[in-house]
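Below: one structure, written as structure tokens.
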Amino acid sequence: MSVLIESLAKQLQSATHNLRLVVHAGTEELLVEVHLADRKQSVSVSMAGCKAAKATTIRMLSRCGPIKDHRSVRAALITNANMELGGLCLDTTTNPPVLDVIYHMVYENHQFEDFLMSLYSVAKYADQLEQKLVGGDNF
Amino acid sequence: MALAMCEQSRTPLNTWMPPDLASIVQARIDRETDGFDAHSQTERPTAVRVTLFGSYIYSVEFDCGQEPERVYVGGLNNSIFSARGNGPKKKGLLGLISKLGYHVVNAIGNIKPPVDKTYLQAVHANSVHIGDTRCVVPAAIEIIRQECRITERGYEIRPDTNPKFPIELEIDFNASGMPLLCIRRNLGVAERQQFGRALQLNRQLSFGRICLLNEGEGAFCLLDRRQYKHVSSGQLAKILTGLIAESDKIISFQMLQ
């Protein structure tokens, strides 16, 4: 496991006894299951690099559901203008393509409180959209 | 700004004691002791002590942009109280200005933490936007060495690489009144056949997301929002550098045309 991912995993695991989170640690990625009221949402946490800024970022990605048609694409772009943290992106490697919520924060000198709050925001928003798109609780 | 107003108002609003203070206190005692008899087998109050705290209140009126605002300063802890309860409720630009005023007065008027003199001096010197209470943006601009000017709503950066597409930075607020740092760059006319491509590109960006403004009419825009209190100037410098480079690529290579 990369050192940075391991460090994040340790911070999360020490915080989980106070929070409703389940952390599954992979080699390059964490899968954090966030419990929201009577539903749950998985968020993939990994490290990414921004070459231009010479920065390491924490990348949070959570799956919402399949996109229905072109009007949904337009609606997603309009929604992006109003979202507080993060935005919607399209994964075209699947059939049908799916919508994800994605958010990056700078790793250097990050605050754990900020990371945790962002994680919850991403999970909450993705779960709300999943409810609208598919109704169930698959992700 | 608001601190100057405080200095002018030296006399508190009220210096009187209510004439019926005794009856008010008696009514409060009666309310607090109501029900004591219910536990008379196990306990019995033998005395009641009443402590009255003296305090003060000032009304502070100031102009924020074109909008007059008023807050109250007082209480035992020198707290700031809005005339509107938890904060301004207006929507739109007036709402933003009102919220900005509330946010600024809380930043400079609350003695916990202490008043930041660096911020006050920078506002007076016109080197920081009044909403940037932690002076984060000028420090970040100094790191990335780009041309920047203060605007009514925040800042405008004209990147060397593509000055015709400026970047705007503003302090916005969420529904709970929490300040958000908002970075925005216009990417050009929104072509309908590129909507899918734009949404797909969001997966590759390091910061921000491509969106459609004005309910889908007009232009694509790269937008980044994050909580203002958590952003340091060093982090903001990296965010701006990454955002400028990646949006330059989208514009120059006409990836959305």
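Where a number appears in this text, it was derived from the coordinates with a stated rule and is not lab data. Owing to the predicted nature of the structure, the values given are computational and were not obtained by experimental measurement. Positions of Cβ are backbone-derived with ideal geometry, glycine not excepted, and every protein chain shown enters the neighbour counts.
Structure values in brief
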{"quantity": "Sites matching GluC sites (Glu not before Pro) across the stretch A:21-64 that sit in DSSP coil, with at most 14 neighbouring C-beta atoms within 10 Å", "calculated": "A:E28"}
{"quantity": "Angle in degrees between helix A:112-133 and the longest Cα principal axis of chain A, rounded to the nearest 10", "calculated": "20"}
{"quantity": "Residue mean of other protein chain beta carbons inside 10 Å, B:192-200", "calculated": "6"}
{"quantity": "Neighbour count of at most 14 Cβ within 10 Å plus DSSP loop: longest trypsin sites (Lys or Arg not before Pro)-free window in chain A", "calculated": "A:69-139"}
{"quantity": "For the stretch B:125-257, diffusion coefficient by Stokes-Einstein and Kirkwood Rh (Cα), 37 °C, 0.692 mPa s, µm²/s", "calculated": "215"}
{"quantity": "Cα gyration tensor shape of the stretch A:92-137, rounded if a/c is under 1.5, else prolate or oblate by comparing a/b with b/c", "calculated": "oblate"}
{"quantity": "FRET efficiency, 1/(1 + (r/R0)^6) with R0 30 Å, evaluated for A:Q128 and A:H70 via beta carbons", "calculated": "0.85"}
{"quantity": "FRET efficiency estimate (nearest 0.05) - Cβ-Cβ, B:T118 to A:T92, R0 41 angstrom", "calculated": "0.25"}
{"quantity": "For the stretch A:1-79, average projected area of the Cα convex hull in nm²", "calculated": "7.7"}
{"quantity": "Pair B:T161, A:F112: separation of 7 Å Cα→Cβ label points (nm)", "calculated": "3.6"}
{"quantity": "Loop trypsin sites (Lys or Arg not before Pro), the stretch B:189-224, which have at most 13 other Cβ atoms in a 10 Å radius of their Cβ (DSSP)", "calculated": "none"}
{"quantity": "Built amide H within the under 5 Å cut-off of B:A190, gap 5+", "calculated": "B:G218, B:A219, B:F220"}
{"quantity": "Average other protein chain Cβ within 10 Å of Cβ, residues A:99-105", "calculated": "4"}
{"quantity": "Among A:V45, A:V73, A:V101, residue whose mean-square fluctuation peaks in a GNM of chain A (springs only between Cα atoms under 10 Å)", "calculated": "A:V73"}
{"quantity": "Per-pair calculated FRET efficiency, R0 = 35 Å: B:I24 and A:N82 via Cβ, rounded to 0.05", "calculated": "0.10"}
{"quantity": "Order of B:D30, A:D100, B:D172 under a 10 Å beta carbon neighbour criterion, fewest first", "calculated": "B:D30, B:D172, A:D100"}
{"quantity": "Spin-label pair B:E32/B:A175, simplified geometry with 7 Å Cα→Cβ offset, distance in nm", "calculated": "3.9"}
{"quantity": "Euclidean distance between Cα centres, the stretch A:1-78 to the stretch B:150-226, Å", "calculated": "23"}
{"quantity": "Label-point separation in nm, A:K10 to A:D38, each point 7 Å along Cα→Cβ", "calculated": "4.0"}
{"quantity": "Within 10 Å of each Cβ in A:51-59, the average number of Cβ atoms from other chains", "calculated": "5"}
{"quantity": "On Cα atoms only, tilt of A:3-15 relative to the major axis of chain A in degrees", "calculated": "90"}
